[in-house]
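The values are calculated or read from the model by the stated rules, or taken from the named source; none is laboratory data. Model, not experiment: these values are computed from the prediction. Because the Cβ atoms are built from the backbone with ideal geometry, glycine has one as well, and the counts that use them run over all protein chains shown.
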């Protein structure tokens, strides 16, 4: 049921049914279980129908025709894979470290003064928002869609600022999400990298950035490729996305050896397992 719920949530939230199924297989279970596949597919279908009934058929980030050629595409693929892979691995490492709790004197102080601790991070988040002209507030959906449409330019280093804002929100104890903000961060990083390649379509590099950063954070390359493909309604970028995703995951693993969601799940279930062991119980 947890697998089915995760798949259904992804499918309904972004109107990406294939990505929902692959997310359950690649990220949540790390394998294909025949006995759970029917439940996952059923949940995705029901969630998809409910989403269509409420919102209608739509593409999350709209449609883009951006594409790359063999002549101008592979250098951006290598650069996006390396840069976004490194930053995504660093981001995941930070979140995993703080998910285990803050130790020492600082940890004791934060437990005694949780409101002051969170308020301090709230001020830091507001400062990041001011630096970005408000661009780091929210999920980053509007900025990402505008970048893909070519109708807007965000502030320089908006992707890095969005990454920082997501870290601050998580560390404060009131996380604002990882999934959508990671896609937005990748789009911002791609927009910055696009300036290094003036002869390459910026929209294509932005798509590469989204696939590379998201795959490096969750270390699920196939899911990342499918979800970006479905969100942008662009199949012409599938092969470059696959290449950049696998490069990014390889680089990310040099920094963060444990996938983010797996590490967070282990931190979440550790107290339950410890309690069960103390009571002498065993898992069925």
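Values computed for the structure shown
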quantity	calculated
Contacts under 6 angstrom Cβ, first residue in the range 1-12 being more than 22 Å from residue 183 (Cβ to Cβ), partner modelled with pLDDT of 80 or more, 6 or more apart	4/43
Residue 95 vs. criteria surrounded by 13 or more Cβ atoms within 10 Å (Cβ to Cβ) and at pLDDT 85 or above	yes
Output for the range 117-130, where each listed residue is modelled with pLDDT under 90 and farther than 12 Å from residue 164 by Cα	117, 118, 119, 120, 122
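Yes or no, residue by residue, for (1) without any contact (Cβ under 8 Å) to a residue 40 or more places away in the chain; (2) under 16 Å from residue 183 (Cβ atoms):
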residue: 134; (1), (2): yes, no
residue: 138; (1), (2): yes, yes
residue: 147; (1), (2): no, yes
residue: 154; (1), (2): yes, yes
residue: 158; (1), (2): yes, yes
residue: 165; (1), (2): no, yes
residue: 171; (1), (2): no, no
